[in-house]
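A short reminder: the numbers here are calculations on the coordinates, not readings from a lab. Bear in mind that the values here come from a model prediction, so they are computed numbers and not experimental data. Here the Cβ positions follow ideal geometry from the backbone for every residue, glycine too, while neighbour counts run over all protein chains shown.
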Amino acid sequence: MADKQKMVDAITSMDEDFAKWYTDIVKKAELIDYTSVKGCMVIRPYGYAIWENMQKILDGMFKATGHENVCMPMFIPESLLNKEKDHVEGFAPEVAWVTHGGNEKLEERLCVRPTSETLFCEHYANIVQSYRDLPKLYNQWVSVVRWEKTTRPFLRSREFLWQEGHTIHATAQEAIEETERMLNVYATFCERDLAMPVVKGRKTDSDKFAGAEATYAIEALMHDGKALQAGTSHYFGDGFAKAFGIQYLDKENKLVHPHQTSWGVTTRLIGAVIMTHGDDNGLVLPPAVAPVQVAIIPIAQHKEGVLDAARAVRDRLAEKFRVKLDDSDNSPGWKFSEYEMRGVPVRLELGPRDIEAGNCVLVTRHNREKTVVALDNLEEAIAQKLQEVRDGLYAAALENREKRTYDCKTIDEINAKLAENGDGFVRALWCGDEACEDKVKELTGVGSRCIPFDGQGQEGTCVCCGKPANTLVYWGKAY
RNA sequence: CGGGGUGUAGCGCAGUUGGUAGCGCGCUUGCUUUGGGAGCAAGAUGCCGCGAGUUCGAGUCUCGCCACUCCGACCA
């Protein structure tokens, strides 16, 4: 098939080696560069622009749901980190420590934040006294550090960019609603803007955030059939409040503990976009976050009038879209390949023949479909094409997920499906026993990803032990 | 943290029994080209990952370290 043809040979094909395909893309599309510190990468302009677009949309959604941005320090004193037992146990193995200031050894070592619950709690303890002070709906856009052992660009780095929302509420009910609200914000963003279908669900106890009462997540399936956690939202109950001494006087003049949440998404979403939509010719970016939505390629640009016409089109389109005119002296063929590799959703070709006819050629990245359109109503045509790209990407990603989702009743069935069809999501009932959860992973290689919100209430038997079970679990190999 | 692979020009790689470093792409300049990674010509570019050791001599041999990468275990 012509649309399957590989035009960019600088990129290893997906089928040949998915991992290499991924690293080829992040390098060749100039998203990142490595540095001399393991697990710490330079996010280059093109990669950072994707993140900025994600930030802009998400930040708007946060503001629309009443949140305010703040900025916490990056250091956490050891004694502060130690205040909540589960939390410190969860994070201590992977924190980086600062032990010296200049040449002086510090009285108390400071950890570089792996997450900021403790800092928010310390602050909330200072500013929350009355029910009138609640809720506080805070968010911050910062980087955090976790000393990971094996690292991969965007998917697992030692320092990564994220947003972390931290809210504190008068009642458990309010906090639970907040936890769900923000999970839904993430799901909407992923599906609408990133064109990436996600499964919403709750994590099993063994997979819960350190210190949380309940952890919710959205799980996406990558092109190779592996699962990627794309966002999380945690309900803390009043556990942190108790550990950090956060109390307020309620309307009855009683001193009580408030309830908290936290939720986050990271630059891992860039990795998710790459592995959900990319193909053998490189990146394919959903229009909502693509740094360049329309790449204008002049044809025979040395000829009289071509560049002027191209510039006029660019100036016109720039009012509505993120547009780039490439008037470099590379050949048109080179430019086609280049912008395909960079995942630009729509390419606009403009040559002498088009100009004479009052037309241009639009080519959509995901299916390489060419359309000749009149310059007159170009804005409309492009808006429609961008929508087509988004919808096409979503449909393809959903199709891949459905093709790779297996309903299984036994361990043997899981192994058979995975062997026959490749990695993917396994849907199977679970009795709730952690021993079974571990055993499934040991025997099949797939771990529990989440307990989905929909699809519950089925009666049956545990995929592992055979005892009665009614909890449906999505299992998968995870990034 | 365990197991494998790789470090030589910006990128991809070659470099024989140890003898003082090369190819392709890219880059610079000029001309010709331009509807799917153009052609010719002339150029520039190296702490051969880092540190010890063996040797008259190390990109090459020995030891140590570091980084990247893949596969596991752990995690956004």
**Asked** How high is the relative contact order of chain A, in percent, with contacts defined as C-alpha pairs under 8 Å that are six or more residues apart?
**Response** 14 percent
**Prompt:** Order of A:267-273, A:299-305, A:56-62, A:471-477 by packing, highest average Cβ count within 10 Å first?
**Reply:** A:267-273, A:471-477, A:56-62, A:299-305
**Request:** Return a whole-number percent for the relative contact order of region A:380-454, with Cα pairs under 8 Å and 6 or more residues apart as the contact set.
**Result:** 23 percent
**Asked** So how much slack lies between A:Ala419 and A:Trp147, counting 0.36 nm per residue of separation and subtracting their Cα-Cα distance, in nm?
**Response** 94.5 nm
**Request:** First measure r as the distance between the Cβ atoms of A:Glu104 and A:Asp438, then evaluate 1/(1 + (r/R0)^6) with R0 = 41 Å and state the FRET efficiency to the nearest 0.05.
**Result:** 0.30
**Item:** Relative packing of A:63-69, A:184-190, A:309-315, A:291-297, which averages over residues the other C-beta atoms within 10 Å, highest first
**Value:** A:291-297, A:184-190, A:309-315, A:63-69
**Complete:** When the charge dipole of region A:230-347 is computed with +1 on Lys and Arg Cβ and -1 on Asp and Glu Cβ about the Cα centre, the Cα farthest towards its positive end, among A:Pro332, A:Ala288, A:Gln301, belongs to A:Ala288
**Asked** lysines near A:Lys20 by alpha-carbon distance under 27 Å, same-chain residues fewer than 8 away left out - which ones?
**Response** A:Lys4, A:Lys6, A:Lys28, A:Lys38, A:Lys149, A:Lys226, A:Lys335, A:Lys403, A:Lys417, A:Lys441, A:Lys477
**Prompt:** Structure shown: which of A:Lys136/A:Lys242; A:Lys203/A:Lys409; A:Lys200/A:Lys385; A:Lys63/A:Lys242 lie over 25 Å apart, alpha-carbon to alpha-carbon?
**Reply:** A:Lys200/A:Lys385; A:Lys63/A:Lys242
**Asked** With charges only on Cβ, +1 for K and R and -1 for D and E, what is the dipole size of region A:294-391 about its Cα centre, in debye, rounded to 20?
**Response** 320 debye
**Prompt:** Tell me, how many Å apart are the Cα centres for region A:332-395 and for region A:80-139?
**Reply:** 50 Å
**Request:** Can you grab the distance from the C-alpha centre of region A:150-217 to the C-alpha centre of region A:429-479, Å, no decimals?
**Result:** 21 Å
